[in-house]
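Everything below concerns the one structure shown next.
The values are calculated or read from the model by the stated rules, or taken from the named source; none is laboratory data. This is a predicted model, so every value here is computed, not measured. So basically every Cβ, Gly included, is an ideal-geometry build from the backbone, and we count neighbours across all protein chains shown. Just so you know, the surface numbers come from the protein's heavy atoms only, side chains and all, with ligands and any DNA or RNA stripped out. Shrake-Rupley method; radii C 1.70, N 1.55, O 1.52, S 1.80 Å.
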Amino acid sequence: MAEVKSPIPGTFYRRPSPEEPPFKSEGDSVAVGDVVGLVEVMKSFIEVKSEVAGTIKSFTVENEQPVTAGAVVAELDD
Amino acid sequence: MTVKVLNPGLFTTIQDLGRPGYFHLGIPIGGGMDRLSLRAANLLVGNPEDAAVLETVFMGPQLEFEQDATVAVTGADLPPRVDGEAKESWTAFKVKAGQTLTFDYLKEGARAYIAISGGIDTPLYLGSRSTYPIGALGGIDGRPVAIGDQIPIGEGAGAKEGRSIPDALRRLPGNPAELRVLPGLYWRLITEEAGRNFFEDTWAVAPEADRMGVRFRGGREMTFKEREQPFGAGSDPSNIVDGCYSYGSIQVPGGKEPIVLHRDAVSGGGYFTLGAVISADMDLIGQLQPHTPTRFVAVDMEQALAARAERAALRGRIREALQ
């Protein structure tokens, strides 16, 4: 099973902004380079991109929760 | 020789020990946020302690070397690799011409210091190579390093590889982190209860923390003693008639979230400062990750000076360990 990891520590967001739908939901297909969330740190929002293709099985971090660098934010089915 | 930036990481800046002497003109002291680690990195590769290095935060850069060099990475646990081969932190290693230095995910701490034998040789600005991005001073064009930059490196034979700083002489904050605070001039403005709460509460590092200041949240809001705001001060009880800020001073806008001013801070303003984090603990602040639980611990001047002397002794022990 493939994983999407946060490159940096900070606060994880599933949506580009509070009014918009999530980048990805469970069951959505993901291509290499697709954005699955944002991490906020040092007044910047950094995109979390998938390095593999697959289908989102589950998110392992809730919206607006803290993440560490290298933390798995989503699990993918191949 | 130069080192080419293939990927700059999140926010990687050229830093030395800073440019003290201009704070009264509004130009901050700048320099590495964790100066002990910066000095240690330079000593490991055989540079003068105040040579310029790369300060990288949360995510390391990818660097391609044009010539052989000795390199050391200190501070945060951000594991280095040379052409994919894992190297030890706090230990000098060789990088050969054509090889690439990369980093794994950050494990602990926040800022790593990458020293290269010969030191980074960008132009001095007001006596320092430190980058102050907000003022666009120092470094390369006053900004963090970017893709394609050719970072100039000075001449230096470089120390031999394998030199290492023992674990006992390395410093990172604990969890919770503890920061010692000397209450200051404006402590009198808050109520006794607010003063007690400040030291009792466990705070958390806010994600927006940067080189200017580190904000904390999660503690109780402060209450202020009744007073008529003096002429020239704003209407909020946390406002004062503009005053000077020191490195380490703690301002609490609106009595809500304490902000510890760091190397690139503004030099004055209209918020009261309840005291200052002691100089011995300022390096630790540079290593705080977002959301780290943090306690403030009250000390008096005597304890602050003793801690400063201890810190100087630690620098001495690091120098001795590398002789």
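Which loop-located trypsin sites (Lys or Arg not before Pro) does segment A:1-68 contain, where loop means any DSSP state but H, G, I, E or B and the Cβ has at most 15 other Cβ atoms within 10 Å?
A:Lys43
In whole Å, what three semi-axes, largest first, describe the equivalent ellipsoid of segment A:2-77 built from its Cα gyration tensor (square root of 5 times each eigenvalue)?
With the √(5λ) rule applied to segment A:2-77, the semi-axes are 18, 13, 10 Å.
Mind checking the per residue accessible area of segment B:1-151 for me, 1.4 Å probe, whole number of Å²?
Per-residue value: 35 Å².
Along the principal axes of its C-alpha atoms, what lengths does the protein assembly as shown span, in descending order and rounded to whole Å?
Result for the protein assembly as shown: principal-axis Cα extents of 66, 58, 38 Å.
Would you kindly state the longest site-free stretch of chain B, with sites defined as trypsin sites (Lys or Arg not before Pro) in a DSSP loop (not H, G, I, E, B) surrounded by at most 11 other Cβ atoms within 10 Å?
For trypsin sites (Lys or Arg not before Pro) (loop position, at most 11 other Cβ atoms within 10 Å), the longest site-free span of chain B is B:228-323.
Would you please give the residues with an amide H less than 5 Å from that of B:Thr12, counting only those at least 5 places away or on a separate chain, with H modeled from the backbone geometry?
Residues meeting the amide H criterion: B:Val145.
Over segment A:2-77, with the other protein chains present, what is the accessible area per residue in square angstrom, probe 1.4 angstrom?
48
Determine, from the Cβ-Cβ distance of B:Ser246 and A:Val52 and an R0 of 45 Å, the FRET efficiency 1/(1 + (r/R0)^6), rounded to the nearest 0.05.
Efficiency at R0 = 45 Å is approximately 0.35.
Each label point is 7 Å from the Cα along the Cα-to-Cβ direction; what then is the distance between the points at A:Asn63 and B:Asn175, in nm?
Calculated label separation equals 2.7 nm.
Taking accessible area as the heavy-atom solvent-accessible surface of the protein chains with a 1.4 Å probe, which residues of segment B:95-126 lose no less than 40 Å² upon going from the isolated chain to the full protein assembly?
B:Tyr105
Compute the signed sum of charges (Lys and Arg +1, Asp and Glu -1) over the other residues within less than 12 Å, Cβ to Cβ, of B:Asp83.
Net of charged neighbours comes to +2.
How big is the A/B interface in buried accessible area, both sides summed, 1.4 Å probe, to the nearest 100 Å²?
Protein heavy atoms only, the A-B interface buries about 1300 Å².
Is it possible to state the helix-based mean residue ellipticity at 222 nm for the protein assembly as shown, with each DSSP H run of 4+ residues giving -39500 (n - 2.57), the sum divided by total residues, to the nearest 500 deg cm²/dmol? What is it?
-3500 deg cm²/dmol
Which entries in the list B:Lys4/B:Lys87; A:Lys5/B:Lys256; A:Lys49/B:Lys256; A:Lys43/B:Lys256; A:Lys5/B:Lys160 go over 30 Å, if you measure between the two C-alpha atoms of each?
From B:Lys4/B:Lys87; A:Lys5/B:Lys256; A:Lys49/B:Lys256; A:Lys43/B:Lys256; A:Lys5/B:Lys160, over 30 Å: A:Lys5/B:Lys256; A:Lys49/B:Lys256; A:Lys5/B:Lys160.
Considering only DSSP states other than H, G, I, E and B, which GluC sites (Glu not before Pro) in chain A qualify as loop sites with at most 16 other Cβ atoms within 10 Å?
A:Glu19, A:Glu26, A:Glu51, A:Glu62, A:Glu64
Could you tell me what fraction of 2.2 N^0.38 Å the Cα radius of gyration of segment B:177-314 comes to, as a two-decimal ratio?
Ratio of Rg to 2.2 N^0.38 Å for segment B:177-314: 1.01.
Can you give the direction-averaged projected area of the convex hull of the alpha-carbon atoms in chain B, in nm²?
15.9
Using a 1.4 Å probe on the protein heavy atoms, what percent of the accessible area of segment B:165-265 belongs to carbon and sulfur?
Summing carbon and sulfur atoms, their accessible area is 51 percent of the total for segment B:165-265.
Which percent of the accessible area of segment B:16-131 is formed by carbon and sulfur heavy atoms (probe 1.4 angstrom)?
The C+S portion of the solvent-accessible surface of segment B:16-131 is 47 percent.
Heavy-atom accessible area per residue, segment B:217-323, 1.4 Å probe: how many Å²?
Here the per-residue accessible area is 47 Å².
Tell me, which longest segment in chain B has none of the GluC sites (Glu not before Pro) that fall in DSSP loops with at most 11 further Cβ atoms within 10 Å?
Result for the longest clean stretch: B:1-154.
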